[in-house]
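See structure below.
The values are calculated or read from the model by the stated rules, or taken from the named source; none is laboratory data. Since the model is a prediction, treat every value here as computed from it, not as a measurement. For neighbour counting, all protein chains shown are included, and Cβ atoms are generated from backbone atoms with ideal geometry for every residue, glycine included. For the accessible areas, the whole protein counts, side chains as well, though only heavy atoms, and no ligand, DNA or RNA atoms are used. Shrake-Rupley method; radii C 1.70, N 1.55, O 1.52, S 1.80 Å.
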Amino acid sequence: MIKWLLASQTPNPQIRAWGELFQQYPSHGLIENVRTDFRLLSIADRWFLPVTINETEFENSYVCSPYTACVTYSIEELDRNIRNPFLNTSLNLLLKGTSRWLIRNEINKTIHVNNFLLSTNPYPDWHGSYLPQIVRFLTEQFPHHTLIFRSLNQVQHSLLLHEFERYGFRTGASRQVYYFHPNAQTWSKHNNIGNDRRLVQKSDLTYLSPAEMADFVPQIRGLYTQLYLRKYSQHNPRFTDLFFEKAFSARLFRFEGYRNDEGILKSVIGLFELNGTITSPIVGYDTSENPKKGLYIQAIDLIFRRMHQTGHVLNLSSGAASFKRLRGGQGHLEYSAIYFNHLPPARQRMWKTLLFLLNKIGIPLLEKYEL
């Protein structure tokens, strides 16, 4: 009923293609700052979830490292967003002061379930069926690992969150994400949308459809790096040229973009769609250009167009909160569900304390500073 599966045995073509990529190449060959054991979990031969297994790997991206998410990435977020000197200093001291304690209690000894190693992991049409059997299967094979399900929210996963709590999982807030619904009547009320469309129409750039992106794949990494790694954080996934090459050929993402007259890619998106949810883990643009050219706006406009084309809900992740709110984005807290009841008392205390801090201190900060 619950078993490991080779990618080639997976009937779902999207999950099979994703699994084949990560079972064919080492994770750090695809994402420079990710070293993990990647597997596929079969649930009653109906649902197929990607799984990552880790031991320490404290330099990993936050996509499979709780230590990075809670300490190193969080310190960057504090320095970037919280200008209150007293609050900033106090929180920095708290994070740095607990870092050795977290390492000593093996915070990164984890199994992440439904982990595509992306900033946001959409879920299949699974509402917690066979959850006790999944827990038993994983804890028997890995009795010293914490189980984690990321990217959960009350809007889409209320039933799933209820099942997690029912079977002994604890939840911790991680960030605030922004949702958009393809409701044309609500959409038209936002003046910024009209302004964005007019900017796009006046642009001298040429649109590139998914089919036309083939010649521009080698340029995608550079634009993504400019935005996600240089402007934001080196702890975001550092995708390699090999990743983009294979992801394009296997159609793991829907790539679209804009080029200039010299044939240089200036703006790009890569959409990952699953079970009626659109996410955009790949966004990039030439950050050296004048902001008045609106390259970021043109990229986001492509995402909105896809939302209206499909009628699917859009999870536009975190960051750029004001920009997203002005265009109708609804902020919702995102959670991780964590199971650690089988661990030694000291490690259980570590997780309980960490979740207390995340929920009692983290949630007010997330909501106040729209992190």
Once phi for every residue in segment 78-83 is put through the Karplus expression 6.51 cos²θ - 1.76 cosθ + 1.60 (θ = phi - 60°), the whole-Hz ³J(HN,Hα) values, with Gly and Pro written as x, are 4, 5, 7, 10, 9, 8
Excluding residues fewer than 8 positions from K292 in its own chain, the lysines with Cα under 16 Å of it are K202, K266
Within the under-12-Å Cβ sphere about E32, not counting E32, Lys/Arg +1 and Asp/Glu -1 give a net charge of +1
Extend 7 Å from the Cα of K96 along its Cα-to-C-beta direction; within segment 59-78, residues with backbone N under 15 Å of that point are 71-78
In cubic angstrom per residue, the convex hull of segment 223-264 built on its Cα atoms measures 96 Å³
Whole-percent carbon and sulfur contribution to the accessible surface of segment 138-210 (1.4 Å, no ligands, DNA or RNA) stands at 47 percent
Mean accessible area per residue over segment 74-180 (1.4 angstrom probe, all protein chains present, square angstrom) is 43 Å²
Honestly segment 124-181 on the Cα gyration tensor test (a ≥ b ≥ c root eigenvalues; a/c under 1.5 rounded, otherwise a/b vs b/c for prolate or oblate) is just prolate
Residue-normalised value, i.e. accessible area per residue, for segment 282-329 at 1.4 Å probe, in Å², stands at 40 Å²
Taking protein heavy atoms only, a 1.4 Å probe, and rounding to whole percent, the accessible area of segment 218-301 owed to carbon and sulfur comes out at 46 percent
So for segment 165-294, using the alpha carbon gyration tensor with a ≥ b ≥ c as root eigenvalues (a/c under 1.5 gives rounded; past that, a/b versus b/c decides prolate or oblate), I'd call it oblate
Whole-Hz Karplus couplings 3J(HN,Hα) for segment 199-209, θ = phi - 60° and coefficients 6.51, -1.76, 1.60, Gly and Pro as x, run 5, 5, 5, 7, 5, 9, 7, 9, 6, 10, 6
Dividing the alpha-carbon radius of gyration of segment 1-53 by 2.2 N^0.38 Å, where N counts its residues, gives 1.11
Total charge of the residues flanking T10 in space, meaning their Cβ is under 15 Å from its Cβ, with Lys and Arg +1 and Asp and Glu -1, is +2
Output ordering of 313-326, 1-14, 122-135 (per-residue mean of other Cβ within 10 Å, highest first) is 313-326, 122-135, 1-14
Sorted on mean Cβ neighbours within 10 Å (highest first), peptides 216-224, 286-294 come out as 216-224, 286-294
With all protein chains present and a 1.4 Å probe, the order of K231, K368, K202 from largest accessible area down is K202, K368, K231
For segment 61-119, the accessible surface attributable to carbon and sulfur atoms (probe 1.4 angstrom, ligands and nucleic acids excluded) amounts in percent to 58 percent
